[in-house]
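Below is one structure, written out as structure tokens; the observations come after it.
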There are 4 protein chains.
Amino acid sequence: MAANTFGKIFRLTSFGESHGSAIGGIIDGCPPGVEVDFDFLQNELNRRKPDNSFFTSDRKEDDSLKVLSGVFQGKTTGTPIAFFVENKDAKSHDYNSLKEVFRPSHADFTYYKKYGVHDYRGGGRASARETLSRIVAGAFAKLVLKKYNIKIFAFTKQIGDIKFDDDYKKIQISDIEKSFVRCPDADITKKMLEYLKSIKKEGDTCGGIVKCIINGVEPGLGEPVFDKLQADLAKAMLSINAAKGFEYGSGFNAASMKGSENNDLFNKDLSTKTNFSGGIQGGISNGQDIYFNVAFKPVPTIMKPQLSYDKNGKEVVISPKGRHDVCCVPRAIPIVEAMAAIVILDHLLRFNNYRVIK
Amino acid sequence: MAANTFGKIFRLTSFGESHGSAIGGIIDGCPPGVEVDFDFLQNELNRRKPDNSFFTSDRKEDDSLKVLSGVFQGKTTGTPIAFFVENKDAKSHDYNSLKEVFRPSHADFTYYKKYGVHDYRGGGRASARETLSRIVAGAFAKLVLKKYNIKIFAFTKQIGDIKFDDDYKKIQISDIEKSFVRCPDADITKKMLEYLKSIKKEGDTCGGIVKCIINGVEPGLGEPVFDKLQADLAKAMLSINAAKGFEYGSGFNAASMKGSENNDLFNKDLSTKTNFSGGIQGGISNGQDIYFNVAFKPVPTIMKPQLSYDKNGKEVVISPKGRHDVCCVPRAIPIVEAMAAIVILDHLLRFNNYRVIK
Amino acid sequence: MAANTFGKIFRLTSFGESHGSAIGGIIDGCPPGVEVDFDFLQNELNRRKPDNSFFTSDRKEDDSLKVLSGVFQGKTTGTPIAFFVENKDAKSHDYNSLKEVFRPSHADFTYYKKYGVHDYRGGGRASARETLSRIVAGAFAKLVLKKYNIKIFAFTKQIGDIKFDDDYKKIQISDIEKSFVRCPDADITKKMLEYLKSIKKEGDTCGGIVKCIINGVEPGLGEPVFDKLQADLAKAMLSINAAKGFEYGSGFNAASMKGSENNDLFNKDLSTKTNFSGGIQGGISNGQDIYFNVAFKPVPTIMKPQLSYDKNGKEVVISPKGRHDVCCVPRAIPIVEAMAAIVILDHLLRFNNYRVIK
Amino acid sequence: MAANTFGKIFRLTSFGESHGSAIGGIIDGCPPGVEVDFDFLQNELNRRKPDNSFFTSDRKEDDSLKVLSGVFQGKTTGTPIAFFVENKDAKSHDYNSLKEVFRPSHADFTYYKKYGVHDYRGGGRASARETLSRIVAGAFAKLVLKKYNIKIFAFTKQIGDIKFDDDYKKIQISDIEKSFVRCPDADITKKMLEYLKSIKKEGDTCGGIVKCIINGVEPGLGEPVFDKLQADLAKAMLSINAAKGFEYGSGFNAASMKGSENNDLFNKDLSTKTNFSGGIQGGISNGQDIYFNVAFKPVPTIMKPQLSYDKNGKEVVISPKGRHDVCCVPRAIPIVEAMAAIVILDHLLRFNNYRVIK
């Protein structure tokens, strides 16, 4: 049922458990002849690595990318690109005490009910380490999209109640990576760091919001009914661990708006004066910037003791020892970008099928 | 590329334009032996019909359902169920003046860019009339889900700034259909109606929010990575015309919550004390209620004059004459339910593939 | 599971039972802007109609094609094309005596085991009348392929033991339709007719072989591993009722050949001197003619009494009254062509995805 | 477009080039809880290895299987199973002389036309070494099918003109692997060996036919229209390198048979007296043995000099140095079995979706 495959033409099939031997995937449908910039690929992977700061998991992995196929003489060949990253610092014994326990708001219970098997080591396939595969496929997609002058970037818009609400058009993209929390504003970054410190001290965690912008998409991408561009983006984003909501363009605010406020009037060149549409009309890109927000919940693993139950219904008090982030939002940025890149490239390739007849 | 197909096992392929001869579809993968209650099917269709009140389009269609295959002696046979509804009251001449014009925040421009063809009659396939097919497939899905004691219902949570914020557990489901705007609270219904009247007087339109609840789903539905249950629900909802956002469980609020607040502690029977998870953990149902919100934008067709451009870049003032809703939210309720039913049944059938080995 | 869908980009989803109200389908993925020649479509349908000669079923249907969507102002719009043909002359009472009986070498027993339901009227969905949908989708595909100068034609190569073994390059395509059995040779046609008469007199039926040629395919169509062009053609052909075998190029004869005999040496222009490859190397078209044979079994409904059993294990003697062909081969010709056209167009559209990067 | 994926529920996505670093794949959709017999998996791989006899390629690979995911505590977990086999003895320099040359009846020319890239090292992805992935996925499928008492075996039915035509019911399965050419008859094995010796002496190659039998399939597997069981088997077989034809049951012989001869009359228990149907009626298994033949062409790499052309149209005489089989049929046996196992398991899992409603 292709449960581990994403995309229709540019397709990622992913594999791997947090504490298995490797995480990886196969990219099928990457066009041939694309130059592969391995430094760029590795750098994208590094962007999601725990940075060993005290806000993120201190699992130490070099996450060195290995590509097994589909690249010849530095270029893609059009055949499947298989890749993986080894798991080296998997400390499964940290999880031994969890063998029989269902952690609150984790996937332990639901996986057990689904498969009748419970890979208790670090969440198995439910671990965010699974997103490594998405980063790699997204990086390949970005290499292709560059040829079309399509740019994708995301940043931290909110952590806890601290918000960055400025117009994204005013920011310097290079400021994002300079910020410890990937927020392009230095003052708000400081406030977010303060907040994260206090949360960490409490042994607690917190949520936030990521904003993503896609620039340079020509009109015509997306399908009119079920595979609307926003529908595929929504699916892509809600498939990321801990994501709780998605909105594009005017989003949830549109609920309180009037048609006369929310409508985007055209300029003479058929660009629009405003962009409440978020670059998409009727499921199809209109040439304006595509932008959307993704809400993330607080990481469920907290350092406070929590009462739970094991498979036999016995009460257990959980005080985790594994390595976990205080807030997943900064590390979610490259994942959001990667999934966006996959969706956009997939639809770019799908669009070709409408252009065939002259 | 299956652009007009939704679902993996229980699949709807839809067809039809607003002003073509018919709207319909084929349901493939409906299990055999399900009794078909035609009155129920027709009633579901009637729920999305314009009710000829002054808030909705006054297009008059009897929307009478015709089923061409897949049902024998009152039961499904397991073969494809083809169905359609005729378009009778399509007044295409209302649209003649729009032949060359791109309406603001409509799909005219993007369709034209995608296909190089512009079916200007009532939006062609971009019309909300397309959702008829979803209603029918959703109604079949509901017939199957009844056998599993799964109930799905939705209601109007917000219109403009008027909100119904009560716990959904307190409402009477039967109160929803009694309300002219499908809000289960009589007082709030009154306020919403007042607001709609004022909006209509202005020649404007407004947005809103739909809440949907799915009750009775056993633990285990959903896939762990890309086809997470919430991801497929998000895609389903964002594929509905005018939808702008999706959130489930604690949703966007989770961004400001702490882990200790958002975590759902287990009861001894492995139900949970709270349900910020919205019934889904790690992409898989946990047996609690699944619930989510969908934001809708205001209908873009307003009765105020708007400046726009035609294909030749000539300025045009648009003052629409077609028949259009003031707010799409009340009529979106059965569509949201239908798409939810399709997603849940599809995953129920997918779940079977994990149970095969004893 | 898409059991009733064929194709990946150009996709046919079919519906309908022999004795239901209609047979039809939805074509998704047809490129926009293709002129629709309705006379051609209807003529293709007429080619598979029983011709009321004494060799074929005397069911009388006008098989008049109705198109419900996807065509506007005489051209395809790129949206789904829904179509159907009504069943008018369905004489279900002819089948009443078969309600409880499993006919030898029919699908009655297997359908019953699969679905737990038995649509005994004319074989339900197992009837060859289902192929109507394929003819229509194939006709649309042919309209597109014409723009690429791709020609597809098939003919009767064998009926019983009477064979037409000439080089297909010598035949006049127009001679095929002139022959009552769609064999391009007048003498062999006469012999085949004699044979069919004798078989009919016996109350028996017979099998045969269809040869199909696809001319004008550029090099590059087909996928290297699972979706090899010959693999998709084989699937397409074996999905036709009564088909028992498929071979392309040197086919089963290749088993007795040596490499030095079977290899196709290149000419200087990279065409090949011989064509044992059947126009396909490594799953991908090489620019030479693609050709293949399809074997068909004798129609299982014979006019001789046959012993069988009903659902309760009771012995029954079957002497059919339904309307059935003596040999299905002549009517299979347009079906073979239609399925070939769908496969080739689908792969032509798939090929676009490899050409995207300059 | 999923060009490198096979199957709908039990799905193999394969990767790897003959002279890349590894060949492997991901199996998605394998049911959880299946005990993984690694010795069996490795043994299946060994069955397709060149045996270093003088009839097969003398490439020396240990083909040691590495599984990266999806197995925990000796059992499948229901998550993707990633695996690979390293390429160690790839002598790419053997192919340096072929950099610019198109070998006759190889995929060099067509790959070049498709991708604009030419991986000249050992045929790249067109090499039969790609079938390693199929063997592994097939071996996993066999492990599942064992639980259903489904047995699959294949043998050499013909090499050149030397045929084994006995009823397959009389053979001892264990005799197959004892034979150097995988033919269950010792005398015919001897003749085949003689023939292979003479062919090798000539520097030539030869084709043959494989017969495969699937025993123990319950009635009900397969889909009624496009995904008929025989259609999916045909596709699976024609997707194997060098396969030229497929026939099941009475196959091409059915063309010369009468209905009264070809029909399989029922016994009282609804088994059939004969089995010309090859265990399939209307696309669906009927509980009898499923059996089919696959024709293979002679390996195109011969040791005789052949005239060909390079990319610049320059004449080249080819006298290969690579390591190649005289006849691929004996090594094709486990590949045919593997693909059959994948098809049958996939349909077994699909069948579940029809059984859901009680």
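Only a single item in (1) touching a helix residue (DSSP H, G or I) at 6+ places or on another chain (Cβ under 7 Å); (2) open to solvent by 30 Å² or more (accessible area, probe 1.4 Å) is not met by residue D:334, and it is number (2).
Residue A:140 satisfies every condition listed in (1) in contact with a helix residue (DSSP H, G or I) (Cβ under 6 Å, 6 or more places away or on another chain); (2) in contact (Cβ under 8 Å) with a residue 40 or more places away in the chain; (3) over 29 Å from residue A:104 (Cβ atoms) except (1). Residue check: residue C:289 meets all listed conditions (1) open to solvent by less than 10 Å² (accessible area, probe 1.4 Å); (2) farther than 20 Å from residue D:318 by Cβ but one, namely (1).
Taking the criterion of being of a type in the set (S, T, N, Q) and touching a strand residue (DSSP E or B) at 6+ places or on another chain (Cβ under 7 Å), the only residue of the range A:65-76 that qualifies is A:69. Only one of the numbered conditions (1) within 30 Å of residue A:30 (Cα to Cα); (2) touching a Phe, Trp or Tyr at 6+ places or on another chain (Cβ under 9 Å); (3) of a type outside the set (D, E, K, R); (4) open to solvent by less than 10 Å² (accessible area, probe 1.4 Å) is violated by residue C:219, and that is (4). Identification of helices (runs of 4 or more DSSP H) wholly contained in the range B:150-261 with 2 or more residues that are touching a Ser or Thr at 6+ places or on another chain (Cβ under 7 Å) yields B:186-202, B:229-238. The requirement of being more than 7 Å from every other protein chain (Cβ to nearest Cβ), assigned to a helix (DSSP H, G or I), touching an Asp or Glu at 6+ places or on another chain (Cβ under 9 Å) and under 26 Å from residue B:103 (Cα atoms) is not satisfied by residue B:320. Going through the range B:323-333 one residue at a time, which ones are more than 11 Å from chain A (Cβ to nearest Cβ) and either small (Gly, Ala, Ser) or outside any loop (DSSP other than H, G, I, E, B) (or both)? Listed by number, the residues that qualify are B:330, B:331, B:332, B:333.
Does residue B:302 satisfy the criteria of being aliphatic (A, V, I, L, M) and surrounded by 21 or more Cβ atoms within 10 Å (Cβ to Cβ)? It is true that residue B:302 is aliphatic (A, V, I, L, M) and surrounded by 21 or more Cβ atoms within 10 Å (Cβ to Cβ). Taking the criterion of being farther than 30 Å from residue B:226 by Cα and either touching a strand residue (DSSP E or B) at 6+ places or on another chain (Cβ under 7 Å) or open to solvent by 10 Å² or more (accessible area, probe 1.4 Å) (or both), the residues of the range B:18-33 that qualify are B:19, B:20, B:21, B:22, B:23, B:33. Across the range D:277-321, the qualifying residues are those that are under 23 Å from the mean Cα position of the chain (by Cα) and free of Cβ contacts under 8 Å to residues at least 40 places away in the same chain, and the one among them that is nearest to residue C:108 (Cα to Cα) is D:277. Looking across the range A:105-135, the residues that are under 18 Å from residue B:218 (Cα atoms), modelled with pLDDT of 85 or more and not aliphatic (A, V, I, L, M) come down to A:105, A:106, A:108, A:109, A:110, A:111, A:112, A:113, A:114, A:115. Go through the range B:8-22 residue by residue and tally those that are under 17 Å from the mean Cα position of the chain (by Cα) and aliphatic (A, V, I, L, M). Of the residues in that region, 1 qualify. Condition first: hydrophobic (A, V, I, L, M, F, W, C), part of a loop (DSSP other than H, G, I, E, B), open to solvent by 10 Å² or more (accessible area, probe 1.4 Å) and modelled with pLDDT of 95 or more. Can you find one or more residues in the range A:36-46 that meet it? Within the range A:36-46, one or more residues are hydrophobic (A, V, I, L, M, F, W, C), part of a loop (DSSP other than H, G, I, E, B), open to solvent by 10 Å² or more (accessible area, probe 1.4 Å) and modelled with pLDDT of 95 or more.
Based on what the data block shows, is residue A:236 within 16 Å of residue A:152 (Cβ to Cβ) and surrounded by 24 or more Cβ atoms within 10 Å (Cβ to Cβ)? Don't jump to the end; show me each part of the working.
Working: within 16 Å of residue A:152 (Cβ to Cβ): yes; surrounded by 24 or more Cβ atoms within 10 Å (Cβ to Cβ): yes.
So residue A:236 passes the test.
Residues in the range D:196-225 that are at the interface with chain C (Cβ under 10 Å from one of its Cβ atoms) and within 22 Å of the chain's Cα centre (by Cα): D:205, D:206, D:207, D:208, D:209, D:210, D:221, D:222.
Pairs meeting the criteria (first residue in the range C:191-202 and within 14 Å of residue C:298 (Cβ to Cβ), second residue open to solvent by 90 Å² or more (accessible area, probe 1.4 Å), beta carbons under 7 Å, at least 6 apart or on different chains) are C:200/C:54. Which residue is surrounded by the fewest Cβ atoms within 10 Å (Cβ to Cβ), if the candidates are limited to the range C:70-87 and must be small (Gly, Ala, Ser) and part of a loop (DSSP other than H, G, I, E, B)? In this case the residue turns out to be C:74. So, in the range B:249-286, of the ones that are among the basic types (Lys, Arg) and facing chain A (nearest Cβ under 7 Å), which residue ends up most open to solvent (accessible area, probe 1.4 Å)? Here the residue is B:268. Among the conditions (1) away from chain A (no Cβ under 12 Å); (2) open to solvent by 10 Å² or more (accessible area, probe 1.4 Å), the only one that residue B:313 does not satisfy is (1).
The set of residues from the range B:262-273 being in a loop (DSSP other than H, G, I, E, B) and either in contact (Cβ under 8 Å) with a residue 12 or more places away in the chain or among the acidic types (Asp, Glu) (or both) comprises B:263, B:264, B:269, B:270, B:271.
The values are calculated or read from the model by the stated rules, or taken from the named source; none is laboratory data. Note that the coordinates shown come from a computational prediction; the quantities given were computed from them, not determined experimentally. Heads up, the Cβs are rebuilt from the backbone with ideal geometry, glycines too, and the neighbour counts pull from every protein chain shown. Remember, those area values only see protein heavy atoms, side chains included, never the ligands or the DNA or RNA. Shrake-Rupley method; radii C 1.70, N 1.55, O 1.52, S 1.80 Å.
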